[in-house]
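Worksheet: the structure to be examined is printed underneath.
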């Protein structure tokens, strides 16, 4: 009989299949379905679930699900607290509220009031029974006992940047503000109003660093007073017509280098406006409509100055011009006066005149003459600054009209009154003899003193002409006519240069023969002046016009440097003409320049003959 292991395996099993069983000791067959009818079926459930009985009455096991907040792990139920998410939300919290806590693994409830026991109030902080936290500071906050935090233990910084933050309380709430904004937000109108200013008042200053220090008004005024003597008014140059404006012209020296018009703008000038105007142009400066002038003139002549002001008073607001007495005179010279004739011969007339007392500075004169009744004038060459001249080459026993005009760079002034003079009758005298005794002596690097012997007799020269040339030249290039006396200075020569000189005598008959030629060498160029110190300067009041001289002298370094003196209406603009100085002794040089021809306030100037070391005497003098 085969064993079970020797039987073939069934490929499938169903309830109708039969199996062998032992029933009461007797072998029997039974169906698989009958055999399993009373057996518990297999239970298959997904974790996390339990097996239990949820229905009423008897029956097989049923699946029991684990609820929210419970976790089944390794056969153990564990609460995970996730069920708290479905708890109802409490809209308010009070001392009486309960909190769910875990105390050493045991869940329990705790009153919210017990949380206060975990906190204690620090320095300057209090917690009341209701849980309100507040500060208790009542005195000034220091870095120790009354600070809100241990500020003394914080790292110390030595400088603040604009972006650093500073704690502030704004409208009852705490904020932080950038340090730059904190300082920028402080305005002067937020400060308490101060009483009248006094010397003891202090203001903030920073000296040598950004560290603030205090300074008193008295110290500040002492500093200002020390600076005032060296203060110089700003210079504004104007070349086109303008309306005066306080922002551009107030408190300034306004130099007008073109003949323009200055007009007042009362609103822009304002009461208290003041400026000094200098007409540095070659023409007239005009004051526009609205100015009230002290002289009644609205014209300021070339190289004249005026003070312009604006003032409000009980009568209104005015623009006022304080003008010099000669401000209305143009830059051209005035009229020569006192024209007279003398020493008349058959062919010559000697005329003399008085220099103008008005107008601009004179550079030379022109003598005009014509036959009486004629319309055309004959003009002489410029006659320097002399006030006499001999007209030659005239006809005997003839009437002539004569007039003199003073002129300068601007042009001629008004002609003098006409003088009518007749020449003598008879034959002209003989020509002068040859001039003898001619010498030439260098005085500076650019001047030569030429002297000769006087002539006597009926044909003696009445004037002399000195002609000169660079030694070796084939012809005479330059001459100076109308020289009287027995000598004169020839200027504008080149330094260290050899020159030939010859003198010719002139009388009413004409020019005589030239003298023997003499040769001399000018001095080499002197060293430029490095410094000039005034020793004697003009002071007080002087009379203008011809005949008045003003003595001046100064000490020069180097001592052998020749200098020159001059006068100007300005402390910043050099003179138009100069007078060469003479060496007095050691390093002292002096001269007697003629007094200025025009009234006004003048400044004395000195400089080397080559323009070196220009020096102006700071105190002006008055010319009337």
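Cβ-Cβ distances below 8 Å connect the following pairs, each with a first residue in the range 2-20 that is without any contact (Cβ under 8 Å) to a residue 40 or more places away in the chain, a second residue that is loosely packed, with under 10 Cβ neighbours inside 10 Å, and a separation of six or more residues or different chains: 17/10; 18/29; 19/29; 20/27; 20/29. Could you tell me whether residue 312 is in contact with a helix residue (DSSP H, G or I) (Cβ under 8 Å, 6 or more places away or on another chain) and not assigned by TED's automatic domain parsing to the domain that holds residue 567? No; evaluated as a whole, the condition is false for this residue.
For the range 602-612, a residue qualifies if it is surrounded by fewer than 19 Cβ atoms within 10 Å (Cβ to Cβ) and in contact (Cβ under 8 Å) with a residue 40 or more places away in the chain, and the qualifying residues are 610, 612.
For the range 264-274, filtering for residues that are in contact with a strand residue (DSSP E or B) (Cβ under 9 Å, 6 or more places away or on another chain), outside any loop (DSSP other than H, G, I, E, B) and modelled with pLDDT under 95 leaves 3. For the residues 445, 425, 463, 453, the requirement of being under 18 Å from residue 514 (Cα atoms) and either under 53 Å from the mean Cα position of the chain (by Cα) or exposed (fewer than 14 other Cβ atoms within 10 Å of the Cβ) (or both) singles out 453. Screening 443, 541, 477 for residues that are outside the structural domain of residue 596 (by TED's automatic domain parsing) and either touching a residue at least 60 places away in the same chain (Cβ under 8 Å) or within 30 Å of residue 595 (Cα to Cα) (or both) leaves exactly one candidate, 443. Of the helices (runs of 4 or more DSSP H) that lie entirely inside the range 161-249, those containing 1 or more residues that are surrounded by fewer than 10 Cβ atoms within 10 Å (Cβ to Cβ) span 217-227, 246-249. Of the numbered criteria (1) modelled with pLDDT of 85 or more; (2) under 32 Å from the mean Cα position of the chain (by Cα); (3) in a loop (DSSP other than H, G, I, E, B), the one residue 335 fails is (2). Residue count for the range 565-595 satisfying the condition of being closer than 15 Å to residue 550 by Cβ, in a loop (DSSP other than H, G, I, E, B) and over 36 Å from the mean Cα position of the chain (by Cα): 4. Restricting the first member to the range 553-564 and to residues that are over 17 Å from residue 616 (Cα atoms), and the second to residues that are in a strand (DSSP E or B), the beta-carbon pairs closer than 6 Å and six or more apart or on different chains are 561/608.
Within the range 221-241, being more than 23 Å from residue 279 (Cα to Cα) and touching a residue at least 12 places away in the same chain (Cβ under 8 Å) holds for one residue alone: 221.
Whether a residue is touching a strand residue (DSSP E or B) at 6+ places or on another chain (Cβ under 9 Å) and loosely packed, with under 15 Cβ neighbours inside 10 Å was assessed, and residue 373 passes this test.
Residue-by-condition table, conditions (1) within 21 Å of the chain's Cα centre (by Cα); (2) assigned by TED's automatic domain parsing to the domain that holds residue 408; (3) crowded, with 19+ Cβ neighbours inside 10 Å:
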position: 254; (1), (2), (3): yes, no, yes
position: 264; (1), (2), (3): no, no, yes
position: 292; (1), (2), (3): no, no, no
position: 300; (1), (2), (3): no, no, yes
position: 303; (1), (2), (3): no, no, yes
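Can you say whether residue 458 is in the same structural domain as residue 602 (by TED's automatic domain parsing), free of Cβ contacts under 8 Å to residues at least 40 places away in the same chain and surrounded by fewer than 20 Cβ atoms within 10 Å (Cβ to Cβ), as far as the supplied structure shows? Against the criterion (in the same structural domain as residue 602 (by TED's automatic domain parsing), free of Cβ contacts under 8 Å to residues at least 40 places away in the same chain and surrounded by fewer than 20 Cβ atoms within 10 Å (Cβ to Cβ)), residue 458 does not qualify. Taking the stated definitions as given, is residue 375 more than 30 Å from residue 304 (Cβ to Cβ) and either in contact with a helix residue (DSSP H, G or I) (Cβ under 8 Å, 6 or more places away or on another chain) or free of Cβ contacts under 8 Å to residues at least 12 places away in the same chain (or both)? The answer is yes for residue 375.
Only one of these conditions is not met by residue 244: (1) assigned by TED's automatic domain parsing to the domain that holds residue 309; (2) over 25 Å from residue 272 (Cβ atoms); (3) touching a helix residue (DSSP H, G or I) at 6+ places or on another chain (Cβ under 7 Å). Which number is it? That leaves (2) as the condition not met.
Residue-wise test of (1) part of a loop (DSSP other than H, G, I, E, B); (2) modelled with pLDDT under 75; (3) more than 30 Å from residue 78 (Cα to Cα).
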| position | (1), (2), (3) |
| --- | --- |
| 102 | no, no, no |
| 108 | no, no, no |
| 114 | no, no, no |
| 121 | yes, no, yes |
| 126 | no, no, yes |
| 144 | yes, yes, yes |
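The values are calculated or read from the model by the stated rules, or taken from the named source; none is laboratory data. Quantities reported herein were computed from a predicted structural model and do not represent experimental measurements. Positions of Cβ are generated from backbone atoms using ideal geometry, with glycine treated the same way; all protein chains shown enter the neighbour counts.
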